[in-house]
Amino acid sequence: DAVEYGGRQLLKFLISDTFGHYAEHQPDLERYVDQIQSGDDWIHYMSGADLVARIRADRAKFASLWDGLTDVQMIKRPGPQADWSVKDLIAHVTWWEQHFMDWVTRLINNEDVTYHGTVDEVNTHVFADNKDRELSDILTEFDEYGRKVDAYLQTLSDEQINDSNVLSFTGKHS
């Protein structure tokens, strides 16, 4: 059964916001549609401070979805996705955050960014590495990497954040 949180079903939100990597694109699309409907232009430039504030808000909203869930509800499979629990989803997001900082640094320095396998293969590997880990460790790591990403972004200049060469990264598979 779906868990109600803040008037929204947790299961429905997590599935629609994560399945097939929609979560990566959904917030931007929602903001874009909202801006079009309100008559505002799309964001062409964002200051570092604005980006940090946006990520903090989006991350807090994401984390609030599991407030009030029991540990059993957090680790139950199936969960938000057919074979993933809420814990698995948190571990997945955290893994991508961990690698984000290295990848952005490499891109800024005009270095190659390579990951092994397709995105689905990487995600399968991440799931396998984390599925048996303790919930408390996953939550601690999520909080830790939130702080690290926040601090890292504050080291980047507005020019680096808005560099279209960095933002056009699609990755290389090996």
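Values quoted throughout were computed directly from the atomic coordinates according to the rules given, and no laboratory measurement underlies them. For clarity, every value in this text was computed on a predicted model and none was experimentally measured. Cβ atoms come from the backbone with ideal geometry, glycine included; neighbour counts cover every protein chain shown.
Brief remarks on what is shown
- Alpha-carbon geometry of the range 77-165: the Rg and the Dmax are 15.0, 43 Å, given in that order.
- Förster-model FRET efficiency, 30 Å R0, Arg133 and Val113, C-beta, rounded to 0.05: 0.70
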